[in-house]
Amino acid sequence: SEEAEPHHSYSISLKARSSILTAGQSGKAIWFDYDQGILTSSKAYFESLPDWLQDFNSKNRVRTGDQFTWKSLSDSNDKKYNYREAKNYKHSALKSSIVNQTFKVGENVDRPFEIYERTPFGHKLLFDAAQICLEKHLKSEENCRILLWISLSSFDLSSHYFGPDSFEQLDMVYHLDEQLKNFLNLVKTLVSEEETLLVLTADHGVMQIPEILNDKKFMLPKRIS
């Protein structure tokens, strides 16, 4: 009998729950380890992390003390950022912008990666891992079939810090658009468009910061920490 075509199913996310739910019982869930700054999993999926993921972690580990600069995709005065609350940091978790600023990993000892995961760098880590995953299988296994979920959580996490109309959120979505374009162009180099199915989903929107709504005379919204 003919050998079955190799097939794989992965789900890669910052949040464990997102990768676990989308991987299901047949897939392999991979998520960000908030203690070690690497992508990890559990023995429910792997006896040990696959070689491609171990190699990725060795080259891309995020360490306490690492510095990152979030550069805006366009000039900060560009009209694409001209939203009413874009520069309003009065009620945000951080009282000033981190776009076009350098931040250091680990400034919050209890959750050292909390700023990192709320920036485009969180998305980049997932896209980079997804690229390695695809290349590993599609380049080395003939007639390989692969189902890959990528759960892009940084946009959601950032919104809880800065609100949906902030400079951070606006620039995040422009970065994400560019990151998606680059990733989909990569996929085209590995698989023909006729053999590729792309599905984009979302789970919820983001409400404005309650205090900003209060400033606009909407008095029902309240903050629950």
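The values are calculated or read from the model by the stated rules, or taken from the named source; none is laboratory data. Keep in mind that this is a model prediction, so the values were computed, not measured. Glycine gets a Cβ as well: all are built from the backbone with ideal geometry, and neighbour counts include every protein chain shown. Surface areas here come from the heavy atoms of the whole protein model, side chains and all, with no ligands, DNA or RNA. Shrake-Rupley method; radii C 1.70, N 1.55, O 1.52, S 1.80 Å.
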Item checked: Out of K104, K136, sole residue that is open to solvent by 40 Å² or more (accessible area, probe 1.4 Å) and touching a helix residue (DSSP H, G or I) at 6+ places or on another chain (Cβ under 7 Å) -> K136
Next item on the list: Output the residues belonging to segment 76-96 that are small (G, A, S), open to solvent by 30 Å² or more (accessible area, probe 1.4 Å) and either touching a helix residue (DSSP H, G or I) at 6+ places or on another chain (Cβ under 7 Å) or within 19 Å of I212 (Cβ to Cβ) (or both).
Entry: A93, S96
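Do we have any residue at all in segment 25-32 that's among the polar types (S, T, N, Q), in contact (Cβ under 8 Å) with a residue 60 or more places away in the chain, over 24 Å from E178 (Cβ atoms) and part of a loop (DSSP other than H, G, I, E, B)?
Residues of segment 25-32 among the polar types (S, T, N, Q): 25-26.
Imposing the further condition that a residue be in contact (Cβ under 8 Å) with a residue 60 or more places away in the chain reduces the set to none.
For segment 25-32, residues among the polar types (S, T, N, Q), in contact (Cβ under 8 Å) with a residue 60 or more places away in the chain, over 24 Å from E178 (Cβ atoms) and part of a loop (DSSP other than H, G, I, E, B): absent.
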Notebook entry, point to check: When only residues in segment 1-24 that are open to solvent by 70 Å² or more (accessible area, probe 1.4 Å) and part of a loop (DSSP other than H, G, I, E, B) count, which is nearest to D156 (Cα to Cα)?
Noted result: E5
Note to self: Given the criterion more than 30 Å from V191 (Cβ to Cβ), modelled with pLDDT under 95 and of a type in the set (D, E), identify the matching residue among D110, D171.
What the structure shows: D110
Next item on the list: Select, from I146, I150, the only residue that is farther than 20 Å from Y116 by Cα and in contact with a strand residue (DSSP E or B) (Cβ under 7 Å, 6 or more places away or on another chain).
Entry: I146
Next item on the list: Say whether the condition of being over 30 Å from L148 (Cα atoms), open to solvent by less than 100 Å² (accessible area, probe 1.4 Å) and among the hydroxyl-bearing types (S, T, Y) is met by at least one residue in segment 188-207.
Entry: no
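Across segment 28-52, what is the number of residues that are small (G, A, S) and crowded, with 18+ Cβ neighbours inside 10 Å?
3
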Next item on the list: Go through segment 132-158 and give me each residue that's part of a helix (DSSP H, G or I) and closer than 23 Å to T69 by Cα.
Entry: S154, F155, D156, L157, S158
Next item on the list: Would you check which residues across segment 53-74 are open to solvent by less than 100 Å² (accessible area, probe 1.4 Å), over 30 Å from S42 (Cβ atoms) and in a loop (DSSP other than H, G, I, E, B) and list them?
Entry: S72, L73, S74
